[in-house]
Amino acid sequence: MVVSVDSLASRAGLKVLQEGGNAIDAAVTVGFTLAVTYPSAGNIGGGGFMVIRTANNSFHAIDYREKAPITSAKDMFLDGAGNVIKNASVNGYLAVGVPGTVMGLWQAHKKFGSLPWDRLVLPAIQLAKNGFKVGPDLAQQLENFSEPLHKSKAVGNVFFENGKTLSTNHKLRQPQLAATLKRIAKNGADGFYKGETARLIADDMIQNGGLISQNDLDEYETVWRNPIYIRYRGYDIYSMPPPSSGGVVLAEILNTAELYPLNQYGHNSAGYVHTLVEIERHAYYDRARYMGDTDFIKFPIKKLISKSYAKIIKAKINPFVAGKSEKFDPIFSPALESEETTHFSIIDKWGNAVSNTYTLNASFGAKVMVRGAGFLLNNEMDDFSIKPGVPNIYGLIGNDANAIAPQKRMLSSMTPVIIQKNDRLFAVLGSPGGSTIITTVAQIIINLIDFEMNIRQAIEAPRFHHQWLPDVVYHEKRGLNMDTIHILKGWGYRLKSRSDLGRVQGIHLDMDEHANILKGWSDPRGSGAVSGN
Ligand code: GLY
């Protein structure tokens, strides 16, 4: 089964499984296909994280997060007076981190793949070359970003027809992207990091004041890391370690949540929201205080993910009164995260599983496309702390742990997870949503385990989010009933309703040994498709 945000990608992945490919093979196909069919977040010009479970029950995590260019500097987005240069880390060439996706898919395939690499890239080449009909979701995204995409001379006319963004059912053809993908199909990672594609990237950077050079591309490498392991109410959960904060923050949330009888409180009741929000307040404070790329900085991961630390968090929570974020020791410096990431989940017939979240950061990344190569570049540099004390557009505050340094990876919230019980797969899931990813994933896990929901109910249930600062409980529109809101306000909470939180793509296995049925669901908050047989 393959669940992703796009039906063409899910189907292409399923076809690989039907031809005898494994989950990692299918992940390569889905990853490349989304770069063509879901260009707002699917990518070859960005990066991400993949958690893998093999049929013989071993767990692996590959970090293919972007890196800061070799010539980057801590203060590169500040002017002479030390003020943040507006949008410099958001749009344009300086915002781009050294892309990791192609190397990530290449290395995952090298270690675990079984079908030939070029076969796996082929569906993406065909879709880019022959074109495909734009669906309503992509049409809407293009329209929403019409202005910055139009302004960007590097994007050219790829997404436009007669000066307007492509609307539903119009064909999107990407011949330059097809040519780039052909080089990747033929030469593997070298088709991106060396030769023609690399030359086009480096030339584009030189011509437009960007920093990425051939040197950066030569030195880019992925890292196999030990997944973060969380034991939650008898289930074993594996997720991403730093440079994503996802696994560590998820561990803090779930370990502390386990100390409360959440199912007795009732789903989305005032008591439940209060408990989870207070736990999130503490976990996100730790995120801001400590977390960054552990290849550059150290922080006490073992302590933060321990059961004893959960007891310390619990002891700080007043069961009837809202905590106050302003009472925490002040810490500074921003870290921006866009909500426009994408996730896909795959399980094959042998029990190999892939949970993959990757991104360009903002929708359509830095809004620049490599001239002659036809793919969009990320604006992941904006995930670093740009300047102490300045909250990012999502209100997240980090500290020096996440400051820019050459070849460092920027902190992320991406939280791909694989869950099992008694050595049997239980669920594979993840979500986009920037800083809201971790609380979304935590709620889905609690929905499945504590509230015994099925995957559809777990994904569709309304969600809420708190991240220490701003000190506000965000909830989806109509996500909490008026009684609950009234009680929470009485306990001292500020609440704000907002648009959707996350877009989960998940697969759940019935725990009945004899059933062995995969149940997939793609979040109705966006487009998406489950393909399986
Ligand atoms: N750019 C979003 C994230 O890494 O979490």
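The values are calculated or read from the model by the stated rules, or taken from the named source; none is laboratory data. The model shown is predicted, which means the values in this text are computed figures rather than measured ones. Cβ atoms come from the backbone with ideal geometry, glycine included; neighbour counts cover every protein chain shown. Just so you know, the surface numbers come from the protein's heavy atoms only, side chains and all, with ligands and any DNA or RNA stripped out. Shrake-Rupley method; radii C 1.70, N 1.55, O 1.52, S 1.80 Å.
Structure values in brief
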read-out: Number of positions in the range 222-235 that are hydrophobic (A, V, I, L, M, F, W, C) and surrounded by fewer than 23 Cβ atoms within 10 Å (Cβ to Cβ); value: 2
read-out: Residue within the range 46-57 that is touching a residue at least 12 places away in the same chain (Cβ under 8 Å), part of a loop (DSSP other than H, G, I, E, B), under 19 Å from the mean Cα position of the chain (by Cα) and surrounded by 24 or more Cβ atoms within 10 Å (Cβ to Cβ) present; value: yes
read-out: Selection from the range 236-252 of residues that are away from the ligand (no atom under 16 Å from the Cβ) and open to solvent by less than 10 Å² (accessible area, probe 1.4 Å); value: Ile237, Ala251, Glu252
read-out: Sole exception among (1) surrounded by fewer than 18 Cβ atoms within 10 Å (Cβ to Cβ); (2) under 24 Å from Leu469 (Cβ atoms); (3) touching a helix residue (DSSP H, G or I) at 6+ places or on another chain (Cβ under 6 Å) for Leu259, by number; value: (2)
read-out: All positions within the range 99-136 that are out of contact with any strand residue (DSSP E or B) (no Cβ under 6 Å at 6 or more places or on another chain), in a helix (DSSP H, G or I), within 26 Å of Ser527 (Cβ to Cβ) and open to solvent by less than 40 Å² (accessible area, probe 1.4 Å); value: Val102, Leu105, Leu120, Val121, Pro123, Ala124, Ile125, Leu127, Ala128
read-out: Single unsatisfied condition, Arg289 versus (1) assigned to a helix (DSSP H, G or I); (2) crowded, with 17+ Cβ neighbours inside 10 Å; (3) more than 19 Å from the chain's Cα centre (by Cα); value: (2)
read-out: Some residue of the range 441-456 being within 16 Å of the ligand (Cβ to nearest atom), farther than 18 Å from Gly266 by Cα and open to solvent by less than 10 Å² (accessible area, probe 1.4 Å); value: yes
read-out: Among (1) free of Cβ contacts under 8 Å to residues at least 40 places away in the same chain; (2) in contact with a strand residue (DSSP E or B) (Cβ under 8 Å, 6 or more places away or on another chain), the one test that Lys74 misses; value: (1)
read-out: So Arg281, is it in a helix (DSSP H, G or I), more than 16 Å from the ligand (Cβ to nearest atom), among the basic types (Lys, Arg) and touching a residue at least 12 places away in the same chain (Cβ under 8 Å); value: yes
read-out: Search result, residues across the range 35-90 that are within 23 Å of Ile184 (Cα to Cα) and of a type in the set (Asp, Glu); value: Asp63, Glu66
read-out: Index of the failed condition, Ile438 passing every other in (1) open to solvent by less than 10 Å² (accessible area, probe 1.4 Å); (2) over 30 Å from Asp383 (Cβ atoms); value: (2)
